[in-house]
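This report concerns only the one structure given below.
The values are calculated or read from the model by the stated rules, or taken from the named source; none is laboratory data. The structure presented is a predicted model; accordingly, all values stated were derived computationally and were not measured. We place every Cβ from the backbone using ideal geometry, glycine too, and count neighbours over all the protein chains shown. Side chains are part of the model used for accessible areas, which takes the heavy atoms of the whole protein and leaves out ligands, DNA and RNA. Shrake-Rupley method; radii C 1.70, N 1.55, O 1.52, S 1.80 Å.
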Amino acid sequence: MSASIFDPEKGFWRLMSRVVDVLSLSLLWTFCSLPVITLGAATTALYDAAARGMRGQERSPWKRFLRTFRRELGTSAAVTVVWGALLFLLANILRLLWQAQVNDVAGAPVMLAAFLVLLLLPVGAACWMFPLLSRFTFRPAGLMMTSLRFAVGYLPYTLVIVAVTALAALAVWMLWLPVFVLPCLTALLWSLPMERAFRRYMPPEEPLPPEDEEQTGDC
């Protein structure tokens, strides 16, 4: 009886293990995103660790995080610079349109609404981009084009993913404490529709034996 209570595979300890995974992956993502240029690599690694590590019942998904972070750093950094510059420009246009609406400029509400609809495509593509990189091999240009195709081709999924991301970002902006859990939870929620979309493009995955895993290091 007492042995079963302390069995790490049983209910309570299994739950606590998942909680620790959520905390550790969220903190890893936050720390590895701080240089900004590494944001894409951190997001690629977080999605891979959440979708394939946690949902695949791996014991130490943080090891997968570090391995994926190193592997995809080059491609993701190039894409982060290009797409980050684009989103920064669009954010400034959005700010100007919002100010125009606040100042009661004629036609500003219509222009703002239209711009928000158009903004869905680049933001949605950004959400698809790094999960795609975690699953498939791309060069930067191919990754950006494919993410745009997925954002349009799976538009209902894109709407849900963008909404989840916006709510998570708002929660962190207003109350910084959710940063300890929301990054990983957001990636897990992303994986529900994304994995359904990815499944049709990839063969069944064969898990790596523990002996073949690379030694992990700091990010």
Could you work out the local net charge near G142, counting Lys and Arg as +1, Asp and Glu as -1, over the other residues with Cβ closer than 15 Å to its Cβ? +2
With all protein chains present, the chain has a carbon and sulfur share of its accessible area (1.4 Å probe) in percent of 71
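Given the -39500 (n - 2.57) contribution per DSSP H run of 4+ residues, what per-residue ellipticity at 222 nm results for the chain, rounded to the nearest 500 deg cm²/dmol?
Working: 9 runs with 158 residues, N = 219.
Rounded to the nearest 500, the figure is -24500 deg cm²/dmol.
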Estimated vicinal HN-Hα couplings, Hz - region 159-164 in sequence order (Karplus 6.51, -1.76, 1.60; Gly, Pro = x): 4, 5, 5, 5, 5, 4
The chain - percent relative contact order, Cα under 8 Å, separation 6 or more: 26
If you place +1 on the Cβ of every Lys and Arg and -1 on the Cβ of every Asp and Glu, how big does the dipole about the Cα centre of region 1-143 come out, in debye to the nearest 20? 520
When the charge dipole of the chain is computed with +1 at the Cβ of Lys and Arg and -1 at the Cβ of Asp and Glu, the Cα pointing farthest to the positive end, of S17, F136, I93, is that of I93
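Would you kindly state how much longer the chain becomes between R55 and V81 on full extension, computed as 0.36 nm times their sequence separation minus their alpha carbon distance, in nm to one decimal?
Result for the pair: 6.3 nm of gain on full extension.
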Mean separation of Cα contacts under 8 Å (6+ apart) over length of region 112-191, as relative contact order %: 28
Project the alpha carbons of region 64-111 onto their principal axes and report the range along each, largest first, in whole Å. 52, 18, 13
Going residue by residue through region 54-65, the Karplus relation 6.51 cos²θ - 1.76 cosθ + 1.60 with θ = phi - 60° gives ³J(HN,Hα) values, rounded to whole Hz and with x marking Gly or Pro, of 5, 5, x, 6, 6, 6, 10, x, 5, 5, 4, 4
Give me the three principal axis extents of region 107-161 from the C-alpha atoms, as integers in angstrom, largest value leading. 44, 21, 14
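Starting with the highest mean, order 55-66, 81-92, 126-137 by the number of other Cβ atoms within 10 Å, averaged over the residues of each peptide.
Packing order, densest peptide first, comes out as 126-137, 55-66, 81-92.
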Net charge over other residues, Cβ less than 14 angstrom from the Cβ of L25 (K, R count +1; D, E count -1): +4
